[in-house]
Amino acid sequence: MKLASILIYEEESAKNKAVNPKWPNLFLLSFLKRIAFFFLFFLFLGLFLSIKPIEEYDCDLLHEGTFVYYYENKKIKVVIHEKDHIEYHENGKYEIHSKIEWINDCEFVTTCVKNTFPNPTYDVEDQMYVKVNRIVKNEIYFTSSINRFSWSGKMVKVE
């Protein structure tokens, strides 16, 4: 009886393969879909794990040095030394001098002590809040706000 059922099963399998010649291709397609799924899964997992939260950034490079950022297509040079924050606009024609207070390693507040701009957008004693969003090599991406005006930008450390 067992031999008969095995023979019948083999005959039916042979018929199914003969009726459906794409059977090996369907198996291969299913196998390739699984491989693609696992590849994409591990790719996205790797990307997700490579994104650092702000607490893991080393913002020490921002605490001292010379930086450059652009505002309205104009190059602005920023020098941070100890508690002094100085911005040079239009190749030094105008300057903004501020005192800097660090809230934490990646956030600070500057208080303006001198502004040589004619008709300045902010005055002495106005405060600007700056938060670092991310750092990539020597590029610092930040969000700033002063007098209810907020913007995001990129500052590059040059020295």
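The values are calculated or read from the model by the stated rules, or taken from the named source; none is laboratory data. What you see is a predicted model; the values in this text were computed from it and never measured. Counting neighbours? That spans all protein chains shown, and the Cβs are built from the backbone with ideal geometry, glycine included. Accessible surface areas use protein heavy atoms only, side chains included; no ligands, DNA or RNA. Shrake-Rupley method; radii C 1.70, N 1.55, O 1.52, S 1.80 Å.
Annotations
- Restricting attention to region 88-113, the residues that are out of contact with any Ser or Thr (no Cβ under 8 Å at 6 or more places or on another chain), charged (D, E, K, R) and closer than 18 Å to Q127 by Cβ total 1.
- None of K137, K99 is surrounded by fewer than 17 Cβ atoms within 10 Å (Cβ to Cβ), at pLDDT 95 or above and basic (K, R) except K99.
- Selection of first residues in region 116-139 that are farther than 23 Å from V156 by Cβ and of second residues that are open to solvent by 70 Å² or more (accessible area, probe 1.4 Å) and charged (D, E, K, R), restricted to Cβ pairs under 8 Å at least 6 apart or on distinct chains, gives the following pairs, ordered by first then second residue: V124/K114.
- Here the condition is being of a type in the set (F, W, Y) and loosely packed, with under 15 Cβ neighbours inside 10 Å; of Y122, Y88, Y70, it holds for Y70 alone.
- Of all residues in region 137-157, those satisfying the criterion of being under 19 Å from I96 (Cα atoms) and among the aliphatic types (A, V, I, L, M) are I146, M155, V156.
- Residue match in region 112-130 (condition: part of a strand (DSSP E or B) and out of contact with any strand residue (DSSP E or B) (no Cβ under 7 Å at 6 or more places or on another chain)): no
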